[in-house]
Amino acid sequence: MAEDDLMQDTEASPPAQDAAPTAPAGAALTDAQIHGRIVDAILDHQLLPGTRLAEDKLGQAFGVSRTRIRQVLIRLAHEQIVTLAPHRGATVATPDPEEAREVFEVRRMVEPLLVQRFMEHASAGHLGALASCLAQEEAARAAGERRRAIRLSGEFHLRIADGAAHRTLGRVLRELVSRTSLVLMTYGNGEVPTGCGCADHRTLLAAIRLRDGKAAAALMTQHLLEIEQQLRIEPPGTQAPDFSQIFGAKPCRG
């Protein structure tokens, strides 16, 4: 791809290949569309880790049979987004500390390669879509729309995968982004986590425009590492209590 083409960002990029298709008005949803709706709700933090996904209620909500819902939940379980347990049914997965670390470890393996491939394969339209996604993320943060900003933050990474033209790693990353949302909700100190930051994405975009593959890969690695370090990924019960905070401020009695 010519450098001049990469430097332009005026065209629109096609939607990411693995994005859920939209059903025509009044048409019955396909299993892929139901799957996409559930994943979207998780990415938007509308379905929290541990939320029970009752087949009958989901069937009523989507207007389909429990059998079809069950097949979608099985697929989500294979993607480690949903947990299936005997006698309990399906719940939104709650990653344990080891799983949380693995998600970021694999993302640090995959995404530096994807950002380098983006510079080799992406069209001007892909770069334009990436810049547009960042602008929308910045606007959402400025407006205090945290959930929308978080969603756009994940979309920024998926846009890089889309332009990288690596279908296998693109599918892997889409699953990892969904699982990252669960990690952020589980280990984000009880608040809606901020996820990525616009400043890091802006720096990444600048490196991509300069066609500096080495710098972009290093920035991506550091970016993902910093997100992980912001979380409190600890096994339950292993955090040492702060005795000074518990006992130090209380006056003695008697």
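What to note about this one:
- Shape annotation for the range 88-241: C-alpha extents along the principal axes are 50, 35, 34 Å, from largest to smallest.
- The range 31-143 - percent of accessible surface contributed by carbon and sulfur, probe 1.4 Å: 50
- Near the amide H of Val82, within less than 5 Å, lie the amide hydrogens of Ala77, Ala93, all on another chain or at least 5 residues away, with H placed in the peptide plane.
- Length released on extending from Ala54 to Ala77, taking residue separation times 0.36 nm less the Cα-Cα span: 6.9 nm
- Length gained when the stretch Thr203-Arg101 is fully extended (0.36 nm per residue, less Cα-Cα span): 34.3 nm
- R0 of 30 Å, Cβ-Cβ distance Arg66-Arg167: FRET efficiency to nearest 0.05: 0.40
- Solvent-accessible area per residue for the range 122-213 (1.4 angstrom probe, square angstrom): 39
- C-alpha center-to-center spacing [the range 136-157, the range 24-79] in angstrom: 24
The values are calculated or read from the model by the stated rules, or taken from the named source; none is laboratory data. Source: prediction; values computed, not measured. With ideal geometry, Cβ positions are generated from the backbone for all residues, glycine too; neighbour counts draw on all protein chains shown. These area figures cover heavy atoms from the full protein model, side chains too; ligands, DNA and RNA do not enter into them. Shrake-Rupley method; radii C 1.70, N 1.55, O 1.52, S 1.80 Å.
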